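Structure first, then comments.
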């Protein structure tokens, strides 16, 4: 079981993978990208411009939790975790303590980022549905994505406190 799991969350295009990877390196924790665990049906649905339902997410969350529970070290997980139901499943299925980091930013900035990225299965047309589904957790560390990744990592590390 992982010692602790830091979940870098937010809508698609907010920088979860970039910030999560940099944070993992900075704190010497395994980095896991939840996108890698989506079954082909989920990827195809999103690529077609159809938002996932919570039913679609059940197997995805179970696969993520199984991997995290098999790891002995602390982990940083990049995962949208947009709503309370999904976060509840994560809390139920992951044996380690969870800390959430919410990446926040203006929709226009995130839309620009989504349009600029190449080869990602999530189209910018789903951004409105991502914002509509977002239920920010009260207990999250919140950071504004307008800053450079290095600055965001420093802010997150300061908020996490000594490790």
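On the given criteria, is residue 111 surrounded by 13 or more Cβ atoms within 10 Å (Cβ to Cβ), at pLDDT 95 or above, out of contact with any strand residue (DSSP E or B) (no Cβ under 6 Å at 6 or more places or on another chain) and not in a loop (DSSP other than H, G, I, E, B)? First the steps, then the outcome.
On the way: surrounded by 13 or more Cβ atoms within 10 Å (Cβ to Cβ): yes; at pLDDT 95 or above: no; out of contact with any strand residue (DSSP E or B) (no Cβ under 6 Å at 6 or more places or on another chain): yes; not in a loop (DSSP other than H, G, I, E, B): yes.
No, not satisfied.
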How many of the residues in the range 10-51 are over 21 Å from residue 148 (Cα atoms) and more than 15 Å from the chain's Cα centre (by Cα)? 13
Identify the single condition in (1) over 22 Å from residue 149 (Cβ atoms); (2) in contact with a strand residue (DSSP E or B) (Cβ under 7 Å, 6 or more places away or on another chain); (3) not in a helix (DSSP H, G or I) that residue 91 does not satisfy, given that it satisfies every other one. (3)
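I need the helices (runs of 4 or more DSSP H) fully contained in the range 1-78, keeping only those with at least 3 residues that are surrounded by fewer than 21 Cβ atoms within 10 Å (Cβ to Cβ), touching a strand residue (DSSP E or B) at 6+ places or on another chain (Cβ under 9 Å) and touching a residue at least 12 places away in the same chain (Cβ under 8 Å).
Numbers: elements: 16-27, 40-47, 54-70.
Qualifying helices (runs of 4 or more DSSP H): 16-27.
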So, of the residues in the range 129-163 that are assigned to a loop (DSSP other than H, G, I, E, B) and in contact with a helix residue (DSSP H, G or I) (Cβ under 8 Å, 6 or more places away or on another chain), which turns out to be farthest from residue 47 (Cα to Cα)? 163
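The values are calculated or read from the model by the stated rules, or taken from the named source; none is laboratory data. Every value quoted in this text rests on a predicted model; they were computed, and no experiment measured them. Neighbour counts are summed over all protein chains in view; Cβ atoms, including those assigned to glycine, are modelled from backbone coordinates with ideal geometry.
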